[in-house]
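Worksheet: the structure to be examined is printed underneath.
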Amino acid sequence: MIELAPSILSADFARLGAEVQAVVEGGASVLHVDVMDGHFVPNITIGPPVVASLRKVLKVPLDCHLMIDRPDDLIPAFAEAGADWISVHQEACVHLDRTLHLIAAHGCKPGVVINPATPVHALDEVLSLVHHVLVMSVNPGFGGQTFIHSSLKKIELLSKIRESRRLGFRIEVDGGIHRDTVADVVRAGAEILVSGSAIFEQGNPSENARQLLKSALDAAKQPVQDLSSVVGGSAAGERGNSLSLP
Ligand code: DX5
Ligand code: ZN
């Protein structure tokens, strides 16, 4: 199931309620909330009070992407504010297993995120614990950056691992998703598509959401492509013989 998760990072915060209602009308079924602390990433955004305000006006799941150090300290506050999904960066968590259990213990769906420089196999031991894996296709911290194509082979590899290990996590992608990149990420296996600037920066957010979701759904109907032509190598080959893939 393909879902669009607009990132409010690029929304007009003075009109946040209207902007999020518009994207839901355009077909968005998840709202992505980027939380930055000025330490883990070089930018500061929003915290639990904004999540609490969004919760009052929205029924769709609030997908809180924590780009923060020491996320354990703030997970209870985000859960209390009404977050449905909470994801943490593998790179920020010394005790990742504990942090994912903490999210679940607070009644939220746990997710794990990897930066462009982090390999998929860094998640081997936690894939059975998570509701979603978020593959960053830009270096986190800012909207409007250029899509990093090597993320495609990571999405493809996650999809294959999920199948071979019979796991149930969903695959989300974040960064540089717009009409020129959405088909590639969907064909690679991404199901939850985060998009910020392409939705909110120009034109009508509702119509932008509708168009992007339509492009994604059209791509999902097409046969899976050979990604080696896009990323310059076989995704499965990256793992050598260490994993038996279908
Ligand atoms: C980047 C954030 C993204 C960002 C995506 O650190 O995690 O969610 O808002 O913005 P675009 O779609 O403009 O790349
Ligand atoms: Zn994000």
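Where a number appears in this text, it was derived from the coordinates with a stated rule and is not lab data. Because the structure is a prediction, the values reported are computed rather than measured. Quick reminder, even Gly has a Cβ in these numbers, built from the backbone with ideal geometry, and neighbours come from all protein chains shown.
Cross-link reach is defined here as a Cα-Cα straight distance under 26 Å, omitting same-chain residues fewer than 8 places apart; for Lys56 the lysines meeting it are Lys109.
Computed from backbone phi, the HN-Hα couplings of region 206-222 come to 5, 5, 4, 4, 4, 5, 5, 5, 5, 4, 5, 5, 5, 5, 5, 7, 7 Hz, rounded to whole numbers (Karplus: 6.51 cos²θ - 1.76 cosθ + 1.60, θ = phi - 60°; Gly and Pro given as x). Loop-resident trypsin sites (Lys or Arg not before Pro) (DSSP state other than H, G, I, E or B) in region 112-169 with no more than 14 further Cβ atoms inside 10 Å of their Cβ: Arg166. Residues whose amide H comes within less than 5 Å of that of Ala5, counting only those at least five positions distant or on another chain, are Leu193, Val194, Ser195 (H built at 1.01 Å from N in the peptide plane). When the Cα gyration tensor is reduced to axis lengths a ≥ b ≥ c, the ratio a/c is 1.5 or higher for the chain, and with a/b not above b/c it is classed as oblate. Taking the helices alone, the chain has a mean residue ellipticity at 222 nm of -10000 deg cm²/dmol, built from -39,500 (n - 2.57) per DSSP H run of at least 4 residues and averaged over all its residues. Taking the number of Cβ atoms within 10 Å of each Cβ as an exposure proxy, the fewest-first ranking of Glu201, Glu156, Glu125, Glu191 is Glu125, Glu201, Glu191, Glu156.
Taking other Cβ atoms within 10 Å as a rough exposure proxy, Cys108, Cys64 sort from fewest to most as Cys108, Cys64. Kirkwood radius for region 1-145, taken over all pairs of different Cα atoms as the inverse mean of 1/r, rounds to 15.4 Å.
Arranged from fewest to most other beta-carbon atoms within 10 Å of their beta carbon, Leu16, Leu102, Leu212 become Leu16, Leu102, Leu212. Cross-link partners of Lys221 among lysines, defined as those whose alpha carbon lies under 25 angstrom from its own and excluding same-chain residues fewer than eight positions apart: Lys153, Lys154, Lys160. Think of region 65-164 as having a plus end and a minus end, set by charges on the Cβ of Lys, Arg, Asp and Glu; of His95, Ala122, Ala105, Ala122 sits farthest toward the positive end of this dipole.
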